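The structure under discussion appears below in the form of structure tokens.
Laboratory data are not the source of any read-out in this text; all were calculated from the coordinates shown. As the structure is a computational prediction, the values presented were derived from the model and not from experiment. Ideal geometry is used to build each Cβ from the backbone, glycine not excepted, and the neighbour counts take in all protein chains shown.
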Amino acid sequence: MPRPPLLPLALIAALSAFSAAAQPAPSPVPTAPPEKIDPGPMRPEEPAPPVQPDAPEAAKDPLGVAPNVFAARIAAPWEGAAGKGFSRVIGVIDGDRQRFYVQWLKEPDGAIVETKELEDAEAAKLTFGDVRAEASDTGVSVFMDTAPDKDGIRDTWVLIIGEPGDTRFGPATN
């Protein structure tokens, strides 16, 4: 069987190499730093990446208490139709005012049975400081002292907590 001539094959290879070399090189594509690259919209079939908590911040507050909570006080145990457990008073900052809530938690798991906000138009104008609880046979009395006024005088308000949902709140009387 005769061999194909090598000259035509060599000529084809040389012309291919010459034409490739004769073409100008493509201009380099500008690249952006990784933080500047827009990944584009996420497709619905791709789940959102999990959000990792900031480890140093999480280490500072392992309980996860919200920054606007300024007071938390266990009030007293309770027992009623919903079972038994304990109540607590939570104070939070909401804008430029304080809000207080009573929560009733069920034993043994601490599930929240009910939450009630203390609402009083006069109390909403005050700033409370000290919060202290005194248990009694009928529930608990939580005394809340206002911050001292310009003359150093404080007012005291009392919160009486009973079974879940049962509260009375107003100025203390002597």
For Gly129, distant residues with modelled amide H under 5 Å away: Asp145, Thr146, Ala147
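Kindly provide the chymotrypsin sites (Phe, Trp or Tyr not before Pro) of the stretch 92-135 that DSSP labels as loop, not H, G, I, E or B, and whose Cβ sees at most 15 other Cβ atoms within 10 Å.
Answer in residue order: no site qualifies.
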Residues of type lysines that Lys125 reaches as a straight line, Cα spacing below 25 Å, ignoring anything fewer than 8 places off in the same chain: Lys116, Lys150
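Trp104: net charge of surrounding residues, Cβ under 12 Å, Lys/Arg +1, Asp/Glu -1, itself excluded?
Values: positive: Lys84, Arg88, Lys106, Lys116; negative: Glu79, Glu107, Glu114, Glu163, Asp166.
Combined, the nearby Lys, Arg, Asp and Glu give -1.
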Cut-off under 5 Å, modelled amide H: who pairs with Ala75 long-range: Ser87, Arg88, Val89
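How much length would be gained if the chain were fully extended between Lys125 and Ala71, taking 0.36 nm per residue of separation minus their Cα-Cα distance, in nm to one decimal? Please report the intermediate quantities before stating the final value.
Details: separation 54, 0.36 × 54 = 19.44 nm, distance 1.77 nm.
Gain on extension, Lys125 to Ala71, equals 17.7 nm.
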Furthest towards positive pole of dipole, Ile93, Gln103, Ser136, structure part the stretch 66-171, Cβ charges: Ile93
Student exercise, the stretch 94-174 dipole from Lys, Arg, Asp, Glu Cβ charges, in Debye to nearest 20: 140
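If you filter the stretch 95-174 for trypsin sites (Lys or Arg not before Pro), then keep DSSP loop positions with at most 15 other Cβ within 10 Å, what is left?
Values: sites: Arg97, Arg99, Lys106, Lys116, Lys125, Arg132, Lys150, Arg154, Arg168; in loops: Lys150, Arg154.
Qualifying residues, ordered by number: Lys150, Arg154.
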